Amino acid sequence: MNLVDSHAHIYSEKFDANRAGAVERSGQEGVSKIYMPNIDHTSIDPMLEAEEKYKGVCIPMMGLHPTSVDKDFERELYLVEEWLGKRPFAAVGECGIDLYWDKTFLPQQQEALKVQVELTKKYKLPIVLHTRDSFNETYEIISAAQDGSLKGIFHCFSGTVEEAEKVKELGFLMGIGGVATFKNGGLDKVLPHVQLEDLVLETDCPYLAPTPHRGKRNEPVYLPLIAQRVAELLQKPLEEVAEKTTANALNLFKL
């Protein structure tokens, strides 16, 4: 079984003690590629170090996470654009809007997302979107900018059937992670109404570990648990889920 983790912070300090073991374990379980979203200037070096150490497995994106957006966000965005102009990245991300922790900088988050959408178009890359408590706000910006050239992922999708339909109409994919395995995660009512062609799998490690590891450090090695749950909810063979979601991810991330 060949799986792709489309969203993993494997460079996080939470893996500093045993990152090599985490990457090796995931490979043994069939996870062939781990795509790494950037957070801000503090995560670039560790992310690129992980890329260098695990060549062909750990693949970086470049973007500014909405929770790192404040009054000085332009400085961060200059750095993002500088890096995008220097070397290849798999995507712009992760970026978007987060209204869970703080709504203080919503206007700045909206502006930062619009800038990164333009960078996505300029560099002809996919975009990976963070939409925590902000689906409508993020969708509004992406929908207005969609001219047929935008493609990407609504990462950590946990929305409604109607929201899933909106994502599909945009031509975007939904990133499905550990929430699919949670008893009250809500995706059990949504995933039966979507198609495999619209999904990619992700862990978002070290966060959101799937059941039965909920509350512990998440790892790419747990991706098969998410694939299994998606297979159950879509009433598809596990092998088909693995094959199709992997193809979806590799088609999107052509690096």
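What the table shows:
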item: Sulfur and carbon atoms: percent of accessible area, the range 3-254 [1.4 Å]; result: 48
item: Kyte-Doolittle mean at least -0.5, axial Cα span of 18 Å or more - DSSP H helices of the chain; result: 73-86, 238-252
item: Span from the the range 125-152 Cα centroid across to the the range 11-64 one, whole angstrom; result: 25
item: Calculated P(r) of the range 47-94 - Cα pairs past 12 Å, %; result: 65
item: Length-normalised contact order of the range 80-136 in % [C-alpha pairs under 8 Å, at least 6 apart]; result: 51
item: More than 20 angstrom apart: percent of Cα pairs within the range 102-242; result: 49
item: GNM flexibility winner over the chain from Q110, Q28, Q228 (Cα, springs under 10 Å); result: Q28
item: Theoretical ellipticity at 222 nm over the chain - DSSP helices of four or more residues, -39500 (n - 2.57) apiece, nearest 500; result: -13000 deg cm²/dmol
item: Mean shadow area of the range 194-255 over all directions, Cα convex hull, nm²; result: 4.5
item: Cα pair distances in the range 65-129, grouped into 10 Å bins until the bin that holds the longest one, percent each; result: 23, 55, 20, 2
item: Filtered trypsin sites (Lys or Arg not before Pro), the range 74-133: DSSP coil and at most 10 other beta carbons within 10 Å; result: K124
item: Charge dipole (the chain, unit charges on Cβ, about Cα centre) - positive-most of N251, P224, T67; result: P224
item: More than 27 angstrom apart: percent of Cα pairs within the chain; result: 30
item: The range 1-114: translational diffusion in µm²/s, Stokes-Einstein, Kirkwood Rh over Cα pairs, 4 °C, 1.567 mPa s; result: 87
item: Which of W101, W83 is most accessible, then next, and so on - probe 1.4 Å; result: W101, W83
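The values are calculated or read from the model by the stated rules, or taken from the named source; none is laboratory data. From a predicted model like this one, the values you see are computed outputs, not experimental measurements. All Cβ positions, glycine included, derive from the backbone under ideal geometry; neighbour counts span all protein chains shown. Keep in mind that these areas ignore ligands, DNA and RNA; they rest on the heavy atoms of the full protein, side chains included. Shrake-Rupley method; radii C 1.70, N 1.55, O 1.52, S 1.80 Å.
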